[in-house]
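Here is the structure we will look at.
The values are calculated or read from the model by the stated rules, or taken from the named source; none is laboratory data. The structure displayed is predicted, hence computed values, not measured ones. Cβ placement follows ideal geometry from the backbone for every residue including glycine, while neighbour counts extend to all protein chains displayed. These accessible areas exclude ligands, DNA and RNA; they are computed on the full protein's heavy atoms, side chains included. Shrake-Rupley method; radii C 1.70, N 1.55, O 1.52, S 1.80 Å.
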Amino acid sequence: MPKPFRILSIDGGGIRGLIPALLLAELERQTGRAVSDSFDLIAGTSTGGILALGLAAPGQGGRPRYSAQDLAALYLKEGTRIFDESLWRRLTNPMGLRAAKYPSDGIEEVLEQYFGESRLKDSLVEVLVTAYDLEKRDAFFYRRRRAREDNRYDVPMRVAARATSAAPTYFEPLLVPWPEGRDVLVDGGVFANNPAMCAYAEARQTLAKEARNADDLLLVSLGTGLYTRPYRYEDAKGWGVAGWARPILDVIFDGVADTVDYQLRQLLSPGAGGATRYLRFQTDLDAGLSEMDDTSPEHLEGLRRAAEAILQRQSADMAALVRQLAG
């Protein structure tokens with residue numbers, strides 16, 4: 001019996017990407033092999049897009065450049081460089097009201113350091129990374145398959161990583177010029193913070209081209225934690241544009257993620273013989289852990305504990321996944 005088409009999807013969430021990175025490090029430990037050897041397609045949005053590209057980045061001898069543990073260390077080592085707000089910027093741009101909260105220099109330097117000139121077409125596995133084009137008002141996807149067919153889409157991985165993580169109010173949009181036009185891209189989280197449904201559609205297309213059973217797939221979706229504190233009517237009724245600026249991102253990101261989870265639970269119910277076709281690893285976050293840009297040691301430690309809580313609570317799911325990936 002052929003192996004199912006295996007999909008990994010990773011949500012957006014800024015510094016909270018440490019959570020799925022640690023889950024993947026444990027998966028690599030238990031399977032004894034790289035994530036790119038275990039999945040046929042890796043999809044990601046925002047921080048999840050950076051992880052997807054990092055897991056697929058080629059290294060020496062055609063092997064992955066980074067392990068999942070290496071990418072977890074990226075958050076611990078480089079978080080303060082990515083979310084670097086000088087005192088002068090805080091004074092002249094309080095709460096990011098006049099411009100993006102953070103300059104782009106930090107994140108672009110980190111992405112150049114980690115990806116160099118590696119190109120999308122050279123990814124070790126199929127990848128799908130989401131962004132949104134402001135000028136064309138359309139969803140935009142960086143995909144290895146498309147990069148190999150059309151040079152316009154064969155950008156350096158660092159460009160795709162920067163585009164998918166250009167979260168509104170946090171970083172300025174990314175301008176990507178090309179000979180006959182340009183793309184103006186922001187974080188794909190504005191329409192697909194959980195990119196699992198996009199990955200599902202991509203996989204169905206691939207299976208159809210290969211004349212394989214369209215239902216012959218396994219989809220693993222990793223969240224970055226949900227902050228469940230309610231926004232009270234007494235507060236929200238008085239919000240204008242400034243008041244909604246940050247909460248609207250939380251509402252969109254969480255609402256989209258939950259909706260996709262619901263849809264896939266209906267579409268990918270257990271297959272013949274009870275075989276698992278869909279797994280979602282996610283957790284609620286304690287107060288104080290919701291911020292996407294808090295790089296303090298206390299916050300990072302809290303995220304590490306959140307990852308451990310997922311592994312404990314969903315240990316049976318992880319064991320089932322390891323067995324299924326082993327064939």
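Determine the pairs where a residue that is over 18 Å from GLY44 (Cβ atoms), located within the range 189-217, has a partner that is surrounded by fewer than 17 Cβ atoms within 10 Å (Cβ to Cβ) and of a type in the set (S, T, N, Q) with Cβ atoms under 8 Å apart, the partner being 6 or more residues away or on another chain. The qualifying pairs are LEU207/ASN213.
Among ARG137, ARG152, which is on the phi < 0 side of the Ramachandran plot and of a type in the set (Lys, Arg)?
Working: ARG137 fails: on the phi < 0 side of the Ramachandran plot.
The unique qualifying residue is ARG152.
When restricted to residues that are outside any helix (DSSP H, G or I) and at pLDDT 70 or above, the range 238-253 contains 3. Open to solvent by 20 Å² or more (accessible area, probe 1.4 Å), free of Cβ contacts under 8 Å to residues at least 60 places away in the same chain and at negative phi - does that describe any residue in the range 288-295? No: the range 288-295 contains no residue that is open to solvent by 20 Å² or more (accessible area, probe 1.4 Å), free of Cβ contacts under 8 Å to residues at least 60 places away in the same chain and at negative phi.
Can you tell me which residue within the range 155-170, out of those that are at pLDDT 95 or above and assigned to a loop (DSSP other than H, G, I, E, B), is surrounded by the fewest Cβ atoms within 10 Å (Cβ to Cβ)? Give the derivation first.
First, pick out the residues of the range 155-170 that are at pLDDT 95 or above: 155-166.
From what's left, assigned to a loop (DSSP other than H, G, I, E, B): 155, 165-166.
Details: VAL155: 20, SER165: 29, ALA166: 26.
Here the residue is VAL155.
Taking into account only those residues within the range 195-209 that are open to solvent by less than 20 Å² (accessible area, probe 1.4 Å) and touching a Ser or Thr at 6+ places or on another chain (Cβ under 7 Å), which is nearest to ALA139 (Cα to Cα)? Restricting to residues being open to solvent by less than 20 Å² (accessible area, probe 1.4 Å) and touching a Ser or Thr at 6+ places or on another chain (Cβ under 7 Å), the top hit is PRO195. For GLU234, state whether it is at pLDDT 80 or above and exposed (fewer than 12 other Cβ atoms within 10 Å of the Cβ). Yes; evaluated as a whole, the condition is true for this residue.
So how many residues does the range 1-40 have that are in contact with a Pro (Cβ under 6 Å, 6 or more places away or on another chain) and either among the β-branched types (Val, Ile, Thr) or more than 27 Å from ASP250 (Cβ to Cβ) (or both)?
So the first thing to find is which residues in the range 1-40 are in contact with a Pro (Cβ under 6 Å, 6 or more places away or on another chain), and the list is 9-10, 34, 36.
Retained after the next criterion (residues that are either among the β-branched types (Val, Ile, Thr) or more than 27 Å from ASP250 (Cβ to Cβ) (or both)): 10, 34, 36.
Number satisfying all stated conditions: 3.
For the range 118-154, a tally of residues being buried (at least 20 other Cβ atoms within 10 Å of the Cβ) and part of a loop (DSSP other than H, G, I, E, B) returns 3.
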